[in-house]
Every structure is written in C-alpha cells, then in structure tokens.
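The values are calculated or read from the model by the stated rules, or taken from the named source; none is laboratory data. For clarity, every value in this text was computed on a predicted model and none was experimentally measured. Cβ atoms come from the backbone with ideal geometry, glycine included; neighbour counts cover every protein chain shown. Side chains are part of the model used for accessible areas, which takes the heavy atoms of the whole protein and leaves out ligands, DNA and RNA. Shrake-Rupley method; radii C 1.70, N 1.55, O 1.52, S 1.80 Å.
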Amino acid sequence: MKTLFSGVQPSGIPTIGNYIGAYKQFVELQDEYDSYFCIVDQHAITVPQDRLKLRENSRALAAIYLASGLNPDKISLFIQSEVSAHAKAAWMLQCTSYIGELERMTQFKDKARKQNQRDGISVGLLTYPALMAGDILLYNADVVPVGEDQTQHIEFTRNIAERFNTKYNDIFTLPEIKLPAVGGRIMSLNEPVKKMSKSDDNQKSFITLLDDPNQAAKKIRSAVTDSDTEIKFDKENKPGISNLLTIYSSLTDKTIGQLTEEYKDSSYGDFKKDLGEVVKEFLIDFQERYNYYLNSEELDEILDAGRDKAARKADKMVEKMERAMGLGRKR
Ligand code: TYM
C-alpha cells in the first residue's frame, strides 16, 4: 500500500478553504493509502503564539480532522511535537538546504513582509520548509494532498530529497503533490483576487469551520460579486462568482456545469441565498461531529495511538538519515 502524508497548522481555526483544499481530499483518499495526518504545532511557533491557545487549537484541530470524516481506525492522526523524529529530521535537512533557496519561498517572503523589522522574524520562519520536508520524507510518503499554496514547498521537498539521496544515501521517496480537482485555492469572500486565509484582518473575508452557521450564511450573502449579473465560471473576469461556484460545487458535489445550468435565470442574490443555506447546513452537521469528538475520551486515545504508530515509522527513518550522514556511533 502506498503512503500519504499531510499536515495542517493549529494556528487558529481552519476555514472552509482549508476544508475544501485539504480535509475533503484527505477523506476521499484515506482508503487508498496508509495515511498519516499531522497537527503541525512546531510549524505554528514560527510566528508568535499564545501557549494556552496553541494547546487548545491543537486539540480542536484533532477534532476537526475527525469531524471531516477521517476514520480513526484506518488513519494515524498525531501531534508533530510528540514525535521527536520531526525535529531531528528538520535539523539534518536544514543542513542540506541553502539560505538562498529558503529566502526565495513565497510564503516566507509574504510572512516576513508583514513583520516590519528583520529582528522580528524568527529563524524558524525561514527554515520552515526544511521542517516540512522532514515531515513528509520521514514517512516515505508517495503522495501529499494539499491546496495550491503549498506547491512550492512540495517542490522544495522533492529537491531536498534528491540532493540528500545523491549526496549521502538513496533513502528517500520523492513525493507527488495531490491537488483537488476543484477548490485548490478558495478565495477571500470580499477580495476574491486573494486567497481565503484565517489570518486576514477582515473577518468577513473568511468562514471558519466553527463559525456560527447563521453568521456564515450572512457572510456568503454579503460576499463580493462581479459587476454584471450572469452566473458563469470565469476566474479571470468574474473571480467573485467563480469562487462562490467553486465553494458551492465542493460542498454539494454538483459540478460547476450543473450549477451554472441550474442558476442560469437566477440573480446573484438568489444564488447567494441558496449557497448561504448550503454552507449553513454543512456547518451545522460538521459542528455536531466536532463537538462529539472534542468532548469524547476517544480523542486522546486516537492521538496516543497515532503518535505511537507515527513514531515507530519515523524513528526508523531518522536512524537511516543519521547513518547516512555519519552521526553518532556505528550501530
Ligand atoms: P496550512 O495550515 O496553512 O493549511 C492547511 C491546508 O489547507 C490548504 N489551504 C487551502 N486550500 C484551498 N484554499 C485556500 N484558501 C487554502 N488555504 C489553505 C493548504 O494548502 C494546506 O493543504 N505548510 C503547511 C502545513 C504542513 C504540511 C506539512 C502540509 C506542514 N508540514 C507536510 C503537507 C505536508 C501549511 O501551512 O498549511
């Protein structure tokens, strides 16, 4: 069986963009692969976090993974910092990475730009892709399902794996990226030319998975649309309505073609009202499952079992890496 790895940061509550780009794919793929899903808390601390909030978000994220429909009997769900192999791999891969290639990462450039002085930017923010490469390579992952914004990081992972294989020993599998057929990049509701992000200052631009369902429907009804009135998919010229069509299609499994046919005589207002209801119903069901997992004892048992299984696999790879680089005594 081939292996799958993916991760999500516990740096706040995930948005419906995260759901469509990541979780929905995880659920569709879980039966086909030996699957590892990680709550990447070590990634989250590359920017300042409140320690109590971070713990709370990590637990919430575990419940969110499960509420999305992952089957805990099949997959391994674990917290990154609880498997020490990740930090060890990250160090070895930092020593295999070059400053120039890390400085060219768009996510680093975007986040660094937000901090106004160089002293406010952690070294971890720069070396973050080496930690992410380690996450994936430790499990010999064949596929990594993610949204479009992670493409550059996966390419970096493949480059580092190849470099390590050539320089030291041929131990890593080169992972393939897996983007969703629809919804790899869900856009902001009020500025549909930029990505939907939970760290956006404007609360109206995103919907989180734990938003009040009625408020979420309201955000959809007030989403920015385009100047004409036609309900048509055209990302370039009609980014607002195209984004809403993508969300609608992803949450209902109706194709975009079916939706444009269904709504060809409707107004934007009617379309948004219906989509608002779709989002509201989706969140009501989602949050019911979320609350079940958050309050169940099962959650910690699932995370314990996930950690143990992940550690068994990752520790073996760390040993191979150390041997390849000549660290420690001969074993
Ligand atoms: P993160 O936590 O920012 O996002 C989690 C996942 O959600 C996807 N995503 C989106 N998809 C569609 N539309 C959007 N607007 C949108 N915003 C986010 C992301 O592409 C991602 O799949 N570096 C990663 C976490 C990570 C990881 C890994 C992922 C760490 N190690 C190893 C895969 C494998 C991140 O910051 O994702």
Roughly how much of Asp201 is accessible, in Å² to the nearest 10, using a 1.4 Å probe? 150
Sorted largest first, the Cα spans of the range 275-331 on the principal axes come out in Å as 62, 29, 11
Loop-only check: which trypsin sites (Lys or Arg not before Pro) in the range 243-308 are DSSP coil with at most 14 other Cβ within 10 angstrom? Lys264
Between Leu52 and Asp149, what FRET efficiency comes out of the Förster formula 1/(1 + (r/R0)^6) with R0 = 22 Å and r the beta carbon distance, rounded to 0.05? 0.20
Alpha-carbon centroids, the range 296-322 and the range 38-70: separation in whole Å: 17
Residues of the range 1-17 with backbone nitrogen within less than 14 Å of a virtual label 7 Å along the Cα-to-Cβ line of Val27, please, listed as ranges. 16-17
Sites removed, the longest contiguous part of the chain containing no DSSP-loop chymotrypsin sites (Phe, Trp or Tyr not before Pro) with at most 16 other Cβ within 10 Å is 99-232
Taking a quarter of the surface of the Cα convex hull of the range 163-205, what do you get in nm²? 5.3
Longest principal axis of the chain (C-alpha) makes with the long axis of helix 298-325 (C-alpha) an angle, in degrees to the nearest 10, of 50
Exposure of Leu245 as accessible area (Å², to 10), given a probe of 1.4 Å and all protein chains: 0
Run the accessible area of the chain with a 1.4 Å probe and give the carbon-and-sulfur part as a rounded percent. 47
Just to confirm the number: angle between the C-alpha axis of helix 51-67 and the first principal axis of the chain, 0 to 90 degrees, nearest 10? 70
³J(HN,Hα), Karplus 6.51/-1.76/1.60, whole Hz, each residue of the range 209-224, x for Gly, Pro: 5, 10, 5, 4, x, 5, 5, 5, 4, 5, 4, 5, 5, 9, 5, 5
Trypsin sites (Lys or Arg not before Pro) restricted to DSSP loop in the range 125-201 with at most 15 other C-beta within 10 Å: Lys194
Quick calc: nm separation of the 7 Å Cα→Cβ label points for Arg331 and Asn159 -> 3.1
Loop-located trypsin sites (Lys or Arg not before Pro) in the range 78-118 whose Cβ has at most 16 other Cβ within 10 Å (DSSP): Arg104
Residue-level accessible surface for Arg323, protein heavy atoms, 1.4 Å, Å²: 140
Hull shadow area, averaged, the range 1-112 [alpha-carbon convex hull, nm²]: 8.2
Treating the Cα atoms of the range 70-127 as identical point scatterers in vacuum, please give the log10 of the normalised Debye intensity I(q)/I(0) at q = 0.13, 0.19, 0.20, 0.22 Å⁻¹, two decimals. -0.52, -0.83, -0.87, -0.93
Of every Cα-Cα pair in the range 118-270, the percent that sits beyond 26 Å: 44
In Å, the Kirkwood estimate of hydrodynamic radius for the range 45-175 over Cα pairs equals 16.3
Once R0 is set to 45 Å, what does the formula 1/(1 + (r/R0)^6) return for the Cβ-Cβ distance between Lys194 and Lys74, expressed as a FRET efficiency to the nearest 0.05? 0.80
Any residue on another chain or 5+ positions along whose placed amide H is under 5 Å from the amide H of Glu176 is listed here as Val143, Val144
Average accessible surface area per residue within the chain, 1.4 Å rolling probe, Å²: 49
Computed over all unlike Cα pairs, the Kirkwood hydrodynamic radius of the chain in Å stands at 20.9
What percent antiparallel are the DSSP beta bridges of the chain, to the nearest 5? 20
For Glu301 and Asp270, what does the FRET efficiency come to when R0 = 41 Å and r is the distance between their Cβ atoms, rounded to the nearest 0.05? 0.30
Of Gly328, Ser242, Ser188, which is farthest along the charge dipole of the chain in the positive direction, counting Lys and Arg as +1 and Asp and Glu as -1 at C-beta? Gly328
